[in-house]
Amino acid sequence: MAEKRASAVYGDELKLIPSSILFDRSQAEDALRLAEKVYSTCLKLFENVKG
């Protein structure tokens with residue numbers, strides 16, 4: 001995911017293609033789902049560390 005971060009924000013600057021053309025809704029939904037999973041996992045970790 002990290003390798004696509006710049007393209008998701010800026011598009012392809014060399015070819016002047018906006019990110020809305022490079023990525024579709026399903027890719028955005030997949031990224032959101034993964035981010036929610038990471039957030040949930042981190043929250044559980046912090047709760048366990050906090051005790």
Could you say whether any residue in segment 22-29 is touching a strand residue (DSSP E or B) at 6+ places or on another chain (Cβ under 8 Å) and hydrophobic (A, V, I, L, M, F, W, C)?
yes
2 or more residues loosely packed, with under 10 Cβ neighbours inside 10 Å: qualifying helices (runs of 4 or more DSSP H) within the chain
25-50
Does segment 17-27 contain at least one residue that is more than 12 Å from the chain's Cα centre (by Cα), at pLDDT below 90 and among the acidic types (Asp, Glu)?
no
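The values are calculated or read from the model by the stated rules, or taken from the named source; none is laboratory data. As the structure is a prediction and not an experimental result, all values here were calculated from the model. We place every Cβ from the backbone using ideal geometry, glycine too, and count neighbours over all the protein chains shown.
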